[in-house]
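Have a look at the structure below, then the notes.
The values are calculated or read from the model by the stated rules, or taken from the named source; none is laboratory data. Worth saying up front: this structure is predicted, and the values here are computed from it rather than measured. Neighbour counts run over all protein chains shown; Cβ positions are idealised from the backbone, glycine included. In case anyone asks, the SASA skips ligands and DNA or RNA and just uses the protein heavy atoms, side chains included. Shrake-Rupley method; radii C 1.70, N 1.55, O 1.52, S 1.80 Å.
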Amino acid sequence: MERVSWRTQVLSNHLLPQQSPSLLSPNPCLQFSPPELSERFSFDIVEMRNLLDGHNLPDRDWIFGLMVQSKLFNPFQSGGRVFVSPDYNQSMQQQREMTMKRIEYLLDNGVFKGWLTDNGIEAAWRKFALFEAIGIYDHSLAIKLGVHFHLWGGAIQFFGTKRHHDAWLKNTENYAIRGCFAMSELGHGSNVRGIETVTKYDSSTGEFVINTPCESAQKYWIGGAANHATHAIVFSQLDINGKNEGVHAFIAQIRDVDGNICPNVRIADCGHKLCLNGVDNGRIWFDNVRVPRENLLNSVADVSVEGKYISATDDPDKRFAAFMAPLTSGRVTISLSAIYSAKIGLAIAIRYSLTRRAFSLTPNGPEIQLLDYPSHQKRLLPLLAKTYAMSFAAIELKNIYVKRTPESVKTLHIVSSAFKATFTWHNIRSLQECREACGGQGLKTENRIGQLISEFDVQSTFEGDNNVLMQQVSKALLAEFIAAKKTNKPFKGLGLEHMNEACPVIPSKLTSSVLRSCQFQTDAFCLRERDLLNLLAAEVSRYVSLGNSKEYAIIQSFLVAEDLGRAFSEKAILLYFIKVENSVPSGSIKNVLGLLRSMYALICLEEDASFLRYGYLSPENIAAVRQEVKKLCGEIRPHALALVSSFGIPDAFLAPIAYNWVESNSWSSVQQKEGHC
């Protein structure tokens, strides 16, 4: 009734003439109040950051400071704070030149020291830390560096031998040369085996001759090619005396020291893009370009002076697999950057939701903070829990990469493929939700989230289409399943050891304590993976029994394969989360991690239709899961500010709406900006 009376009075005030101005009482203006004044931290955010970043915190903070102090990183003031962010109003060419100027600044300050010439484990961890911090500032800058160091430089490291290392790595590290990575073609992207560039050996001169035989063979989307690269790693079919020996990699110069395009090389710009306009993507044609015999990267195979093909294996499949194995570095770094991008979005959106208010429960009552609405909590806090889970998994992925051995190459390939797809999908979903959760303010470029959606959308495509990668994961798991059954040996590796044990049994009634237990969560995830792997094997077998090839059978079984890829990835992430949680002593951090781990596990159960589709959980169980997620949102809510503060992202790398958004949008702020124009 009180609400009805209030609405009646409002309508009366509109419709009836007012007798006295005293009936109008002005409302006080909204005032920004820092969330730190009302939100208490129940745990040490420095300790939590140590868990999240995992390594090299001083190096990260050093490069953050290096970027903030230089005008090259476009500092601007808003709401009494200094922020740094690329100027996306610049033309494409201006953005590209700014990217190179920033690289030169970082080079002059010793950021890249040892990135290719120091093979120690400590150097590898430092490189990861610095690269992640750079990516927090600008995706174009990170991609430009990634092409030069991880793709061009990494190809020389892993495909080349000592002669290549001595000739190229130091010059790459100090930017005496600028490299690019010419693999993708107009007609072939994910299917590297199908590329059409052809290279033949001329024994009379001791040279390889690289040729683009048709328009679909032009190299496409080659980062660095349009403006800056002097050299390229060219992936090509190798023709020796009329026999195709498969895909190999060659070093070819495409520009001279003055930046002029080399003879018999044609280069065109890919043009303006949805994102990454600070990267000069180009197209390359090779018109019988000659390179020395020594420019074949020969760690896998070689060609003698006389033109004889030499390889450690005659099996082209094994040779191709060995050749492609080192390329996992790209998927690893993309996975990492996706998680840091999600952290930026969540830090901004959650901080904003702790200071922005809307509507009230009573006519004259105070407006409610956005994050105090259960619906707003459900939008953001499960994504926060997933980001924590994937952060821990990302550290494990880096660990696998840094400590890789020939025996672990398969595991690295499968895990990096699964995580690249899972993390990048999660990032875009998180950013979109964060953008919407910030309302109209989320549309402003200076508030970062909208621009991040555009900048990171490409991650689902490059270094392997996400759907293709997930099918590769399922195909690899199927191969493990078939091998174990054929040899009658236990499963070993890829986290499939649970297949050797009895099938888990899910309780018919799921109480809160059961739902939050590691045992139930692990059992549910293992049951899903186990059953889907059996289903995929049965479906493929059925197609083969009808006279179809195994390849056709796998293609037709894509529905189960997609579910299996997701099951593998989410289970691996959960197990890595539990590993971190178990490493922490009892106390406030462990308690919060328990809440986040349960949130991660249960939101996966709620969101994946597989649990209902295949009957792992009943409709009643799913309903119980959904209610538990709602309860967890309320329990995580008091820790929200501390959890995003633990990301360790400096204020300058967030956005004005994460702080005093009233002052940032004030008239005095407008005048201040005009004064700087």
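For residue 78, list long-range residues whose amide hydrogen, built 1.01 Å from N in the peptide plane, is under 5 Å from its own amide hydrogen.
The answer is 83.
Quote to one decimal, in nm, the extra length available between residue 542 and residue 57 on full extension: 0.36 nm per residue of separation minus the C-alpha distance between them. Mind dumping the intermediate values first?
Working: separation 485, 0.36 × 485 = 174.60 nm, distance 5.29 nm.
Length difference between fully extended and current span is 169.3 nm.
For residue 178, which sequence-distant residues (separation of 5 or more, or a different chain) have an amide H within less than 5 Å of its own amide H, given hydrogens modelled in the peptide plane?
230, 231
If you look for lysine pairs in the range 178-320 that are eight or more places apart or on different chains, how many of them have Cα atoms under 21 Å apart? It would help to have the intermediate numbers written out before the result.
Details: 200/219; 200/243; 200/308; 219/273; 243/308; 243/318; 308/318.
So the count works out to 7.
Go through 186, 498, 88 and say which Cα lies farthest out towards the positive end of the charge dipole of the chain; charges sit on Cβ, +1 for Lys and Arg, -1 for Asp and Glu.
Of 186, 498, 88, it is 498.
Go ahead and estimate [θ] at 222 nm for the chain from helices alone: -39,500 (n - 2.57) per DSSP H run with n ≥ 4, summed, over the residue count, rounded to 500.
On the way: 24 runs with 336 residues, N = 677.
Value at 222 nm, helices only, nearest 500: -16000 deg cm²/dmol.
Residue by residue through the range 481-486, what is 3J(HN,Hα) from phi via Karplus (6.51 cos²θ - 1.76 cosθ + 1.60, θ = phi - 60°)? Round to whole Hz and write x for glycine and proline.
Computed from phi, the couplings for the range 481-486 are 4, 5, 5, 5, 6, 5 Hz.
In the chain, what % of DSSP beta bridges are antiparallel (nearest 5)? Could you put the intermediate results ahead of the total?
Values: 39 of 46 bridges.
Of the beta bridges lying entirely in the chain, close to 85 percent run antiparallel.
Give the calculated FRET efficiency between residue 550 and residue 487 to the nearest 0.05, with a Förster radius of 25 Å applied to their Cβ-Cβ distance. Numbers along the way, then the final one.
Values: r = 18 Å, r/R0 = 0.73.
It comes out at approximately 0.85.
Mind checking the full-extension length gain between residue 445 and residue 123? Use 0.36 nm per residue of separation minus the Cα-Cα distance, one decimal, nm.
112.4 nm
Could you tell me the center-to-center distance, by alpha carbons, between the range 473-502 and the range 368-404 in angstrom?
29 Å
Between residue 77 and residue 320, with labels modelled 7 Å along Cα→Cβ, what's the label distance in nm to one decimal, could you check?
Distance between label points: 6.0 nm.
Pop the C-beta distance of residue 313 and residue 269 into the FRET formula with R0 = 45 Å and round what comes out to the nearest 0.05.
Details: r = 40 Å, r/R0 = 0.89.
Calculated value: 0.65.
Give me the one-decimal nm value for the distance between modelled label points at residue 375 and residue 241, 7 Å along each residue's Cα-to-Cβ direction.
Reported label-point gap for residue 375 and residue 241 is 7.5 nm.
Under a cut-off of 19 Å between alpha-carbon atoms, report the aspartates and glutamates in cross-link reach of residue 673, not counting same-chain residues fewer than 8 places apart.
Correct list for residue 673: 87, 446, 663.
In nm, give the distance between the simple-model label positions of residue 502 and residue 590, each being 7 Å from the Cα along the Cα-to-Cβ direction.
The modelled label-to-label distance comes out at 2.9 nm.
Quick one: with all protein chains in place, what share of the accessible area of the chain is carbon or sulfur, to the nearest percent (1.4 Å probe)?
On the way: 16100 of 29710 Å².
Result for the chain: 54 percent of the exposed heavy-atom area is carbon or sulfur.
I need the peptides 461-473, 296-308 ranked by packing, meaning the mean over residues of other C-beta atoms within 10 angstrom, with the highest value on top.
Details: 461-473: 20.2, 296-308: 16.6.
Final packing ranking: 461-473, 296-308.
I need to check one value: relative contact order of the range 392-454, counting alpha carbon pairs closer than 8 Å and at least 6 residues apart, in percent. Write down the numbers at each step before the final one.
On the way: 30 pairs, mean separation 12.6, N = 63.
Once divided by the residue count of the range 392-454, the mean separation gives 20 percent.
Mind checking the angle between helix 57-68 and the chain's longest principal axis? C-alpha axes, 0 to 90 degrees, to the nearest 10.
80 degrees
Roughly how many debye, to the nearest 20, is the charge dipole of the range 178-320 about its Cα centre, given +1 on each Lys and Arg Cβ, -1 on each Asp and Glu Cβ, and no other charges? Don't jump to the answer; show the numbers that get you there.
On the way: 14 positive and 18 negative charges, 50 e Å.
For this selection, approximately 240 debye.
Under a Cβ-only charge scheme (Lys and Arg +1, Asp and Glu -1), can you give me the dipole magnitude of the chain about the Cα centre, in debye to the nearest 20?
Working: 70 positive and 68 negative charges, 188 e Å.
With only Lys, Arg, Asp and Glu charged at Cβ, the dipole is about 900 debye.
Which ³J(HN,Hα) values in Hz, rounded to whole numbers, follow from the phi angles of the range 434-443 under the Karplus curve 6.51 cos²θ - 1.76 cosθ + 1.60, where θ = phi - 60° and Gly and Pro get x?
5, 4, 5, 5, 8, x, x, 4, x, 7
Please give the peptides 426-437, 353-364, 222-233 ranked by average Cβ packing (other Cβ atoms within 10 Å per residue), highest first, as a rough proxy for protection.
Details: 426-437: 21.8, 353-364: 14.3, 222-233: 24.7.
Ranking the peptides 426-437, 353-364, 222-233 by packing returns 222-233, 426-437, 353-364.
Work out the FRET efficiency for residue 203 and residue 165 from their Cβ-Cβ distance, taking R0 = 22 Å, and round it to the nearest 0.05. Mind dumping the intermediate values first?
Working: r = 26 Å, r/R0 = 1.19.
FRET efficiency, residue 203 to residue 165: 0.25.
Could you work out how far helix 619-636 tilts from the main Cα principal axis of the chain, as a 0 to 90 degree angle to the nearest 10?
With rounding to tens, the tilt is 70 degrees.
What's the extension gain from residue 671 to residue 467 if we count 0.36 nm per residue and subtract their Cα-Cα distance?
Values: separation 204, 0.36 × 204 = 73.44 nm, distance 4.93 nm.
Residue separation times 0.36 nm, minus the Cα-Cα distance, leaves 68.5 nm.
Leaving out ligands and nucleic acids, note down the accessible area per residue over the chain with a 1.4 angstrom probe, in whole Å². Present the calculation step by step, with values, prior to reporting the outcome.
On the way: 29710 Å² over 677 residues.
Heavy-atom SASA per residue in the chain reads 44 Å².
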